[in-house]
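First up is the structure itself, then whatever we jot down about it.
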Amino acid sequence: MAVCIAVIAKENYPLYIRSTPTEDELKFHYMVHTSLDVVDEKISAMGKALVDQRELYLGLLYPTEDYKVYGYVTNSKVKFVMVVDSSNTALRDNEIRSMFRKLHNSYTDVMCNPFYNPGDRIQSRAFDNMVTSMMIQVC
Amino acid sequence: MADAVLFEFLHTEMVAELWARDPDPGSGGKKKSLSVLEGLGFRVGQALGERLPRETLAFREELDALKFLCKDLWAAMFQKHMDGLRTNHQGTYVLQDNSFPLFITMGSGSQYLEEAPKFLAFTCGLLCGALHTLGFQSLVTASVAALPACKFQVVIQKY
């Protein structure tokens with residue numbers, strides 16, 4: 001379902017980035033990079049507007065003709081970006097939210113791993129497996 | 001609840017172990033042990049800072065993060081809230097705990113006052129680590145006037 005998943009650190013460098021069609025990877029890297037601007041815009045907009053609710057899920061960042069990009073920020077300013085195929089119209093908001101929640105839980109587990117130094121690239125196999133399960137759900 | 005004492009026992013053993021290793025502390029050895037304890041607390045604080053605020057909404061400002069420390073973090077660690085939070089609104093916060101759980105078993109009053117800082121180092125590191133994950137560089141120091149009350153001073157560094 002998801003075509004590309006990226007975890008970006010607070011300082012805006014990638015901690016983890018993976019995409020399914022392994023050719024053309026650069027295109028996804030570029031998309032994730034450009035989506036960071038939109039994420040920053042949404043975060044600062046949330047700060048200025050006196051909204052009572054500050055959600056972690058940012059929603060659809062921007063659509064292109066082939067893909068849709070969704071974003072999510074944690075309390076520690078770590079951003080998750082997910083690129084999904086536009087042709088897969090069956091994906092509803094709730095499903096995207098639950099995918100982000102799973103990502104957040106796995107990321108928290110990675111953080112609590114004593115062998116992981118915060119700020120390094122994520123090399124945990126458990127995290128890899130979870131991301132794989134989210135990406136290979138095409139029928 | 002037996003769970004709370006498990007951490008207390010582990011913490012006591014940690015401090016004892018670090019001090020036992022340096023038979024002739026002097027001021028160099030003591031400082032090193034204190035910074036080791038703070039380092040331990042820092043890493044734990046980073047992980048806690050990631051795991052605990054999961055369901056809460058994003059923090060809008062510094063004060064929200066400090067309130068989270070006083071309520072949620074303290075409740076998770078010691079099953080009680082921090083007793084007082086004061087600020088000068090310029091980045092310095094004083095967190096007051098009138099009955100710090102790690103001190104209750106040690107006694108009340110001024111006995112063991114010199115030994116107290118050892119038992120605060122881990123918690124200082126914890127606060128620093130949690131704040132770091134939440135995005136704030138800080139300097140945390142602790143002071144004890146009379147057991148079991150203690151104060152943590154947090155200075156948020158703006159850069």
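Remark on chain A: Rg and Dmax equal 14.6, 44 Å (Cα only).
Each part reduced to its alpha carbon centroid, the stretch A:93-121 and the stretch B:105-159 end up 30 Å apart. Straight-line cross-link reach from B:LYS32 at under 21 Å between alpha-carbon atoms covers these lysines, not counting any fewer than eight positions away in the same chain: B:LYS118.
Computed from label points 7 Å out along Cα-Cβ, the spacing between B:MET106 and A:ASN105 is 4.0 nm. Near the amide H of A:LEU61, within less than 5 Å, lie the amide hydrogens of A:VAL69, A:TYR70, A:GLY71, all on another chain or at least 5 residues away, with H placed in the peptide plane.
In summary, the aspartates and glutamates within cross-link reach of B:LYS67, defined as a Cα separation below 12 angstrom excluding same-chain residues under 8 places away, comprise B:ASP83.
Based on alpha-carbon atoms only, what is the radius of gyration of the protein assembly as shown relative to the globular estimate 2.2 N^0.38 Å?
Numbers: Rg = 22.3 Å, N = 298, 2.2 N^0.38 = 19.2 Å.
So the Cα radius of gyration is 1.16 times the expected 2.2 N^0.38 Å.
Can you sort A:THR64, B:THR12 by how many other beta carbons sit within 10 Å, fewest first?
On the way: A:THR64 10, B:THR12 15.
Ordered by Cβ neighbours within 10 Å, fewest first: A:THR64, B:THR12.
Excluding same-chain neighbours fewer than eight residues apart, the aspartates and glutamates reachable from A:LYS68 by a Cα-Cα span under 18 Å are A:ASP24, A:GLU25, A:ASP37, A:ASP40, A:GLU41, A:ASP85, A:ASP93, A:GLU95. Close amide H partners of A:VAL78, meaning residues 5 or more places away or on another chain with modelled amide H under 5 Å apart, do not exist here. Per-residue extension of 0.36 nm, minus the Cα-Cα distance of A:SER133 and A:GLU23, leaves a gain of 37.6 nm for this segment. Annotation: amide H-H contacts under 5 Å for B:SER138 (H modelled 1.01 Å from N, sequence separation of 5 or more, or interchain): B:GLN157.
None of the figures in this text is laboratory data; all of them are computed from the coordinates on show. Just so it is clear, the model here is predicted, and its values are computed rather than measured. Don't worry about glycine lacking a Cβ; one is built from the backbone with ideal geometry, like all the others, and counts go over all protein chains shown.
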